[in-house]
Amino acid sequence: MIKVACGIIKNSGKYFLCRRGPSKTFSGFWEFPGGKVENNETPEDALKRELIEELNMKVEILNCFTTVNYDYDTFKIELIAFSCNYVDSTINMIDHDRVEWLDLEQLSLKKLTPADIPIVRKLNSLNR
């Protein structure tokens, strides 16, 4: 089981999504940004580190929104999603080839990684 932290980053009513780059597993799929939790690291610390490394982005972590356990056949992940407020960024893409700020309704229109789909469903169910 791989532990991964991701951020549901919100700014001015829009949500931040990233598209996985051509050299990545699930290339072309969209996801909430984040990454693997290293040994002796909290999920919150991992999220902050990954956002700086991958996007040069700073956020304020508000709370744990949900956890998704997903079996990708060749590996399993525990995806811990945190609600975040955007602070600032110079957007330096390392693992992604595109980023977008989207309205809640637009999130479901993207080709999301399977583990991110339950997060969007929960966001939609809470905002009806």
Worksheet item: What residue among V99, V68, V87 shows peak mean-square fluctuation when the chain is described by a Gaussian network model with Cα springs under 10 Å?
Response: V87
Discussion item. Placing +1 on the Cβ of each Lys and Arg and -1 on the Cβ of each Asp and Glu in the stretch 8-52, which of L51, I9, G21 has its Cα farthest towards the positive end of the resulting dipole?
Written reply: G21
Discussion item. With a 1.4 Å probe and all protein chains left in place, how much of the accessible area of the stretch 1-85 comes from carbon and sulfur atoms, in whole percent?
Written reply: 43
Worksheet entry | Residue with peak Gaussian network fluctuation, the chain [Cα springs, cutoff 10 Å], from N56, N39, N11 | N39
Item to complete: Could you give the size of the charge dipole of the chain about its Cα centre, using +1 on the Cβ of each K and R and -1 on the Cβ of each D and E, expressed in debye and rounded to the nearest 20?
Response: 380
Practice prompt. Under 15 Å from the Cβ of T42, count the other residues' Cβ atoms, weight Lys and Arg +1, Asp and Glu -1, and hand me the total.
Written response: -2
Practice prompt. Let me know the shape class of the chain, please: from the alpha-carbon gyration tensor, a ≥ b ≥ c as square roots of the eigenvalues, rounded when a/c is under 1.5, otherwise prolate if a/b is greater than b/c, or oblate.
Written response: rounded
Worksheet entry | Length gained when the stretch E38-L109 is fully extended (0.36 nm per residue, less Cα-Cα span) | 22.4 nm
Discussion item. On a 23 Å Cα-Cα criterion, which of the cross-link pairs K24/K110; K76/K111; K24/K122; K14/K58; K24/K76; K58/K111 come out too long?
Written reply: K24/K122; K58/K111
Fill in: Solvent exposure of the stretch 1-91 as accessible area per residue, Å², 1.4 Å probe
52
Item to complete: Give me the distance between the Cα centres of the stretch 98-117 and the stretch 23-69, rounded to whole Å.
Response: 16
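The values are calculated or read from the model by the stated rules, or taken from the named source; none is laboratory data. This is a predicted model, so every value here is computed, not measured. Because the Cβ atoms are built from the backbone with ideal geometry, glycine has one as well, and the counts that use them run over all protein chains shown. Only protein heavy atoms, including side chains, enter the accessible area calculation; ligands, DNA and RNA are left aside. Shrake-Rupley method; radii C 1.70, N 1.55, O 1.52, S 1.80 Å.
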